[in-house]
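These notes are about the structure you will find just below.
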Amino acid sequence: MKASIVIPAYNEERYIGRTLDSITKQSYDNYEIIVVDCFSEDKTAKIAESYGVKLLQFYKGNIGATRRAGALIARGDVIVSASADIYYPSYWLEKLLEPLKDDFDGSYGSIYLLDAERHEEVSARFINKVVTPTLKKFSIPYGTGDNIALKRDFYNHIGGFKKLETAEDLDLLKRAFENGRMAYVEEARAYSDPRRIREWGSLKYLAFHTHNFLLYNLLGKYKKDYEVVR
């Protein structure tokens, strides 16, 4: 079962090397890496090429369109949605794909913070170990585009990523829940760079994502503005 790991990127030279380095050290080694670079103005594309990835130069579209473009050129049996500023432990891909060997159509993992402060670690554990699995019992997905895997045929069947400015991950997961069998794998952990939380503060960060989650799930709407933080 070959995985196609799709990574959107724009001006990520500070982070993408760490991300790609972590992915190339996965215990599960049957994969291809696709970096969709939105014509970065820095060395993002050059760094990506140095890792031998499949590089797609894409107009500066929104996050949903960029993820969708990468999936369109994927050749693997599984579409894995990842991000350019995430650290993926060596066991990540193996854990994430494990349910797909059985009767699951897809899976999604957990998100923690790199260099987390004590209160951030406690909050992340509560969300990943309590909130997310509880919501799943009610068929409500709570995951991010940094850590999703769908069998390619199933991904295509449900229409893939839509061209949304935000909530493209919630939208995809909702359709996946409605049309197939999904597994939540807390052990498939990914570690996000904390720069946005450091810039915004924990309360603003939590408020934005909670509001967007409720807005999408209750009204089918989403926030269209997402401040760029480098």
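Here are a few things to note about the model shown:
- Computed over all pairs of different Cα atoms, the Kirkwood value for the hydrodynamic radius of the range 3-219 is 17.3 Å.
- Shape call, the range 57-115: gyration tensor on alpha carbons, a/c limit 1.5: oblate
- Taking the number of Cβ atoms within 10 Å of each Cβ as an exposure proxy, the fewest-first ranking of Met182, Met1 is Met1, Met182.
- Net length available on complete extension from Glu121 to Glu187 is 22.2 nm, with 0.36 nm assigned per residue and the Cα-Cα distance removed.
- Counting neighbouring beta carbons within 10 Å and listing from fewest to most, the residues Tyr155, Tyr59 come out as Tyr59, Tyr155.
- 30 Å Cα-Cα threshold exceeded, pairs from Lys43/Lys136; Lys95/Lys162; Lys46/Lys101; Lys43/Lys129: Lys43/Lys136; Lys46/Lys101; Lys43/Lys129
- Computed packing ranks the peptides 166-179, 125-138 as 166-179, 125-138, most packed first, by mean other Cβ atoms within 10 Å.
- Kirkwood-type radius of the range 1-49, with distances r between different C-alpha atoms, in Å: 11.3
- Extension gain for the segment Lys162 to Glu49, taken as residue separation times 0.36 nm less the Cα-Cα distance, is 38.0 nm to one decimal.
Laboratory data are not the source of any read-out in this text; all were calculated from the coordinates shown. These figures come from a predicted structure and were not determined experimentally. Positions of Cβ are backbone-derived with ideal geometry, glycine not excepted, and every protein chain shown enters the neighbour counts.
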